[in-house]
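The values are calculated or read from the model by the stated rules, or taken from the named source; none is laboratory data. Given the structure is predicted, the values throughout are model-derived calculations rather than measurements. So basically every Cβ, Gly included, is an ideal-geometry build from the backbone, and we count neighbours across all protein chains shown. All accessible areas refer to the heavy atoms of the entire protein, side chains included, with ligands and DNA or RNA removed. Shrake-Rupley method; radii C 1.70, N 1.55, O 1.52, S 1.80 Å.
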Amino acid sequence: MALSKYLGRGAVPARLLLFLAGAALAAPADWPQFRGPSRDDISPDTGLLKQLPAGGPPLVWKATGLGAGYSMVSIVGSRIYTIGENSDVSRVVALNAADGKPVWTARLGKAGAPGMPAFEGPRSTPTVSGDVLVALGQWGDLVCLDAGTGKELWRKDYIKDFGGKRPSWGFAESPIIDGDRVVITPGGADGAIVALDKKTGAVLWRSRGFTDAPQYSSLIVEEIGGVRQYIQLTAASVVGVGAADGKVLWRAPRPGRVAVIPTPIYSDGCVYVNSSYGVGCNLFKISAANGKFTAEEVYANKVMANHHGGVIKVGDCVYGYSEGKGWTCQDFKTGEAKWEEKEKLGKGSIAYADGHFVLRTEDKGTVALIEASPEGYHEHGRFEQPDRSKAKAWPHPVVYGGRLYLRDQDVLLCYNLKGQ
């Protein structure tokens, strides 16, 4: 459904989310942010197709007019949210989940293509908590909207308001909402990580002991040693700061090169990070004793060197595309490769649901289904996305509510993965 001529704004409010231990938790039917409720890209869906038809699963609907960009989708209640740009303005877009029809659009900020080579459009994904939505544009425009109507509640500028330093290819993190806080990584001499009041946008704290320049990774929130904390990855280090006050709890030097993008993974008391450009992956054991934290490196190798398609931990292994090695399964605890497959499918992004991974190549946009198994690459069908743009198919696939969502610039495709 085209949005180019759509100017109205819906009046149906988004559903309220549940709150537990000060953290906003998505309702069972929600995928409220980048990589899902826990930012691990693991869908709880079951009963999905075990084999992809050659022509793809049934297409439920196709939405057009989203504009340029690489944003994925967030799904809350009966609404789907994403970001795109048309002409000289980037916008947040709300769609009806049932049919892809537009509900409202709202101004985000400046459009354009930072970096060289240049890529037009926003890079981040909106985050929704209760009746509030936050979204970030590539130039550092941060806006908070009413999720039901698109009405602007407050806005910030990463550079003007926080002294942030824009990465070469623009700001790309997806903000996190944790209870009454919006937490972001604009950078700046007064603290790279900033917590804002969700209702007003007022600064609650800055991580004064942590001032690394931002890269492209998005924060995760975890509780370690009884302390709630935000974990972030930059080109210089991986760090954990206290959720209550932004105090640095632990920090480990970890140099990256050119662009550091993948989201950290926390599991079994360890933080796993990785990046491309010849760097590879690291596992750090985070320990707490007498109120003090330490980060000890367990391993550092180049088994997994993911560019930006994401990696997912399922069971005891991490899966993703490793530069120079192909699709890879790596033992999380030891760092050893379980299998590597370079020939069957090209570089791309990954999503998990119902015992399988959905893979999407960045060039042709080919979608393949493989088993989530440490025993090897076992494919169960593939199909070619119709109406492919000329741009890279960088938005990760999203699997939720029995549906597969593929964003390709101006277009969003919704498939029925139940196959009914």
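Details
- Shown is the FRET efficiency for residue 199 and residue 51, computed with R0 = 35 Å from the Cβ-Cβ distance and rounded to the nearest 0.05: 0.15.
- Model label sites at residue 116 and residue 289, defined 7 Å from Cα along the beta-carbon direction, differ in position by 5.2 nm.
- Region 266-311, accessible surface, carbon-and-sulfur percent (1.4 angstrom probe): 48 percent
- Here the Karplus relation 6.51 cos²θ - 1.76 cosθ + 1.60, evaluated at θ = phi - 60°, turns the backbone of region 275-282 into coupling constants of 7, 9, 6, x, 8, x, 10, 9 Hz, with x for every Gly and Pro.
- Distance (nanometres) between label positions extended 7 Å along Cα→Cβ at residue 333 and residue 157: 5.2 nm
- Here the Gaussian network model covers the chain, with springs between Cα atoms less than 10 Å apart; of 128, 258, 279, 258 fluctuates the most.
- Per residue of the chain, the DSSP helices (runs of n ≥ 4 H) give a summed -39500 (n - 2.57) that works out to 0 deg cm²/dmol at 222 nm.
- Cα centroid separation, region 265-300 to region 211-239 (Å): 11 Å
- Answer label, with Rg/Rh (Cα atoms, Kirkwood Rh) calculated from the coordinates and candidates [x] 1.08; [y] 1.00; [z] 0.94: [z]
- Listed residue pairs exceeding 25 Å between alpha carbons, taken from 156/313; 302/347; 302/333: 156/313
- In terms of its C-alpha gyration tensor, region 334-420 has an oblate overall shape, because the principal axis ratio a/c (a ≥ b ≥ c, square roots of the eigenvalues) is not below 1.5 and a/b does not outweigh b/c.
- Remark on residue 304: its backbone amide H falls under 5 Å from those of 281, a criterion applied only to residues 5 or more positions apart or on other chains, H modelled at 1.01 Å from N.
- In this label model, residue 325 and residue 380 are separated by 2.5 nm, measuring between points 7 Å along each Cα→Cβ vector.
- In the context of the full set of protein chains, residues of region 281-381 present 40 Å² of accessible surface per residue (probe radius 1.4 Å, heavy atoms only).
- Straight-distance crosslink candidates among aspartates and glutamates, where the alpha carbon sits under 17 Å from residue 364 and sequence neighbours closer than 8 are dropped: 343, 384, 387, 408, 410
- Per the Kirkwood formula applied to alpha carbons, region 69-180 shows a radius of gyration over Rh ratio, Rg over Rh, of 0.96.
- Under a model in which nothing but the beta-carbon of Lys, Arg (+1) and Asp, Glu (-1) is charged, the chain shows a dipole of about 780 debye around its Cα centre.
- Volume per residue that the Cα convex hull of region 144-251 spans, once the total is divided by residue count, Å³: 98 Å³
- Per-residue SASA entry for residue 81, accessible area with 1.4 Å probe, Å² rounded to 10: 0 Å²
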